[in-house]
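Okay, so here's the structure we're looking at.
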Amino acid sequence: ILKKYSPIGELGQFAGQYAEALASTSGCLVCITDRDHVIAAAGSGKREFDGKPLSKQLETVIEDRESFVAARDEKQYVKVTLDDKEEHEGQAVCTVISEGDAIGSVVLYQKEAKPTEAELKLAQVAAGFLGRQMEQ
């Protein structure tokens, strides 16, 4: 059986631990993805995301190497998975880049309000750290 190779998927257990730490610190639902699936999820509601395929919207965000904060009613807000029910009020999204390639993303979901720049910075730190881990 052939399975599509995922560079960030090699960090599966490590990404899961990082997501748990980030979720407990920020109080957000955290999803770490490769270019096709959610490889790690932590926080309230993680079962709805873990292992699910990505939406075309998030695939485009990763290809375009975008980082942003968006409320649910804003144009920039994206569905993370194909069956995302969009129950969260806001999200912070950052692309993971390793050796110049966009290989995944870090998404922080906020249940009650639009995330702040602090949550975006947390996502950027996580994405930068995961990207550097892949380079080693």
Please check: in the Gaussian network model of the chain (C-alpha springs, under 10 Å), which one of Gln91, Gln124, Gln13 has the largest mean-square fluctuation.
Gln13
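May I ask you to give the average projected area over all directions of the convex hull of the Cα atoms of the stretch 83-136, in nm² rounded to one decimal? List each step's numbers first, then the result.
Details: hull surface 16.4 nm².
Answer in nm², one decimal: 4.1.
Per residue, what accessible area does the chain have, given a 1.4 Å probe and all protein chains present, in Å²? Walk me through the intermediate numbers first.
Numbers: 7230 Å² over 136 residues.
Result: 53 Å² of accessible area for each residue.
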Taking a straight Cα-to-Cα line shorter than 12 Å from Lys52, and setting aside same-chain aspartates and glutamates fewer than 8 residues away, one finds Asp34, Asp36, Asp83, Asp84
Cα axis of helix 117-135 to longest principal axis of the chain: angle in degrees, 0 to 90, nearest 10?
10 degrees
Students sometimes get this wrong: rank Lys111, Lys75 by accessible area, probe 1.4 Å, all chains present, largest first.
Lys75, Lys111
Grab the other residues whose beta carbon is less than 9 angstrom from that of Ala71, score K and R as +1, D and E as -1, and report the net.
-1
To the nearest 10 Å², what's Phe14's accessible area with a 1.4 Å probe?
70 Å²
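Which pairs in the list Lys46/Lys121; Lys56/Lys85; Lys85/Lys121 are over 18 Å apart, alpha-carbon to alpha-carbon? Can you show the working numbers first?
On the way: Lys46/Lys121 21 Å; Lys56/Lys85 15 Å; Lys85/Lys121 25 Å.
Lys46/Lys121; Lys85/Lys121, as the Cα separations exceed 18 Å there.
Would you mind calculating the relative contact order of the stretch 6-96 from Cα pairs under 8 angstrom and at least 6 residues apart, reporting the percent as a whole number? Before the final figure, lay out the partial values.
Numbers: 144 pairs, mean separation 19.3, N = 91.
Rounded, it is 21 percent for the stretch 6-96.
Could you please state how large a percent of the accessible area of the chain is carbon and sulfur, counting protein chains only and using a 1.4 Å probe? Could the numbers behind the result be given before it?
Numbers: 3560 of 7230 Å².
Summing carbon and sulfur atoms, their accessible area is 49 percent of the total for the chain.
The values are calculated or read from the model by the stated rules, or taken from the named source; none is laboratory data. Bear in mind the structure is a predicted one, so any value in this text is a computation, not a measurement. Positions of Cβ are generated from backbone atoms using ideal geometry, with glycine treated the same way; all protein chains shown enter the neighbour counts. Just so you know, the surface numbers come from the protein's heavy atoms only, side chains and all, with ligands and any DNA or RNA stripped out. Shrake-Rupley method; radii C 1.70, N 1.55, O 1.52, S 1.80 Å.
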